[in-house]
């Protein structure tokens, strides 16, 4: 039997060296993580087992099998603890900081395993993870608080006054909903579905859960009749109207009326501080009484802290409904029969008088509304500056060139499509969403509803597209390029002089890999996003999930998709060194039109040329973007005058 003093057989392990010297200084840096790790281990005269001994000797906890799987390309570091091990290896081999992390195949995956996020929900933890530095857990508590505050304020919510107001207001929803008109589930059914499936919380729209009430049947029927009156092809015999609403205008008016009635119905003792009108007493006939409108616009002023153009627009809606000869309210005197007294707002005598002389009551409201509009216009302020989130871009010499940096950041962090097909597909989609926005200048409706016709397939006829009010991306054999074709009827301003009843047609430029990414998206990535979901036929599709099999974007989901792209790739994060533009704030797709118009104004000084980029008129551009031109006008004029001195 061998004694304890007997030396063990076999080769003695090499002594552990804190910082081993490289065997050679001439080496070719490999592109992949596993090859780089294997190379550096061998270059420093070690093996994976020897590296493991050295790491455990200095107190780092990692399994040897994990290092072997990393070197074999079977697994990759993802948790913050694993990324800390990579930093230790970099320091041991005297490699640049971030050398190994930059070679990981999926740069779009947020690290997991942050331990210092106690008291934070799983949903918020997922939103925060991408924006936290890898060494977040090891930083002092005060610094961790500062980082969380910065991420929540700047990236998650956006640190503008309006965003703070909006975030606070959204916590106390009050709108009356019209499920039969909007296609949404009734409120009770939405809540029941939510209780049946907790996963529903991740995708459900907030107003389904937090809205005050569904419209009572009588009010819902009245609003439905108004919508039919304003959208039908022909008016009913005996009625007159001025103008027709399209589906988007109708949706907007339904939302605005829902806010008005929701404020009236909300309890005065709640945070909303409504008027407390019983829901069964809500009726469109209430809108001919000046006291109802006066309470509402003053309630909005108290809520916001100022009057805005929104109150003007609402009063103008009321005036159009009460207008002589063509107003829907004026032509619906039967609404007076549904009126009930509301203490402090509408008396029994006022209701009786309105029933006796409905036209007179409409005239009285029309005089009141006309005067109120002028008064509010005089003091109205801009509560929401739409340019504030992108001001740093608009103030640059080349707004489009600055914004383009976001697309380059997306490509820089593009994961390996062979290893991570769905994540790569989402990155290519993000790239194309921004590139299409910058090249086309479309409103988000036209962009998200853009259909696609694959190469070799006959394009959809203009008549078919016009009836569907959608455009199409198709390959043009004549121009040898991808063409975007959109009938004029698909645009919000279809009757604008810009179109002249002619369709919008543009050949996308094959610049900076655009066609390469379009082809890859159509041939590979789009199918990865769809999974087993039904193909909606649109170019851009959502990532199909078990909780959301509908792959078509709507107004809300497309806005959130754009906003997420900006949060991840657009806003420069000093703690992670990710993000393309310092000072940028979260925003939606409409801001890209502001960037295009401002860029052309800065370069040419021409309102007309700027209007071409966003399919609008020169007058509209001058009204909305004139604030960015004065200093650039002077610079453009100086360029011409300076040529005299340069030639001398």
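We did not get these values from a lab; they are worked out from the coordinates using the rules stated. Because the structure is a prediction, the values reported are computed rather than measured. Note: ideal-geometry Cβ built from the backbone for every residue, glycine included; neighbour counts use all protein chains shown.
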Full-stretch length increase - residue 32, residue 239 - with 0.36 nm per residue and alpha-carbon distance subtracted: 67.3 nm
Region 417-502 - Rg over Rh from alpha carbon coordinates, Kirkwood radius: 1.03
Estimated inter-spin distance, residue 398 and residue 618, nm [label 7 Å along Cα→Cβ]: 2.7 nm
Whole-number D in µm²/s for region 422-576 (Stokes-Einstein; Kirkwood sum over Cα pairs; 37 °C, 0.692 mPa s): 200 µm²/s
Normalised alpha carbon radius of gyration of region 281-323 [divisor 2.2 N^0.38 Å]: 1.18
Gap separating the Cα centres of region 474-551 and region 28-76, nearest whole Å: 45 Å
Whole-angstrom gap from region 229-259 to region 273-345, using each part's C-alpha centre: 17 Å
FRET efficiency estimate (nearest 0.05) - Cβ-Cβ, residue 142 to residue 316, R0 51 angstrom: 0.45
Length released on extending from residue 496 to residue 347, taking residue separation times 0.36 nm less the Cα-Cα span: 49.1 nm
FRET efficiency, 1/(1 + (r/R0)^6) with R0 30 Å, evaluated for residue 516 and residue 546 via beta carbons: 0.40
Cα→Cβ-extended label distance, 7 Å offset, between residue 306 and residue 232, nm: 4.3 nm
Estimated FRET transfer efficiency when R0 is 41 angstrom, pair residue 606-residue 326 (beta carbons, to 0.05): 0.60
Hydrodynamic radius (Kirkwood) for the chain, which is based on Cα pairs only, to one decimal in Å: 29.4 Å
Between helix 48-57 and the chain: long-axis angle, C-alpha atoms, 0 to 90°, nearest 10: 80 degrees
Added length on full extension, which subtracts the Cα-Cα distance from 0.36 nm per residue, residue 480 to residue 422: 17.9 nm
Cα shape, region 33-103, gyration tensor, a/c 1.5 rule: rounded
Most to least packed among 230-236, 403-409, 320-326, 300-306 [average Cβ atoms within 10 Å]: 403-409, 320-326, 300-306, 230-236
Residue 379 paired with residue 150, simple spin-label distance in nm, labels 7 Å along Cα-to-beta-carbon: 4.2 nm
For region 79-124: span of alpha carbons on each principal axis (Å, largest first): 38, 20, 12
For the chain, calculated [θ]222 nm from helices alone, where every DSSP H run of n ≥ 4 adds -39500 (n - 2.57): -14000 deg cm²/dmol
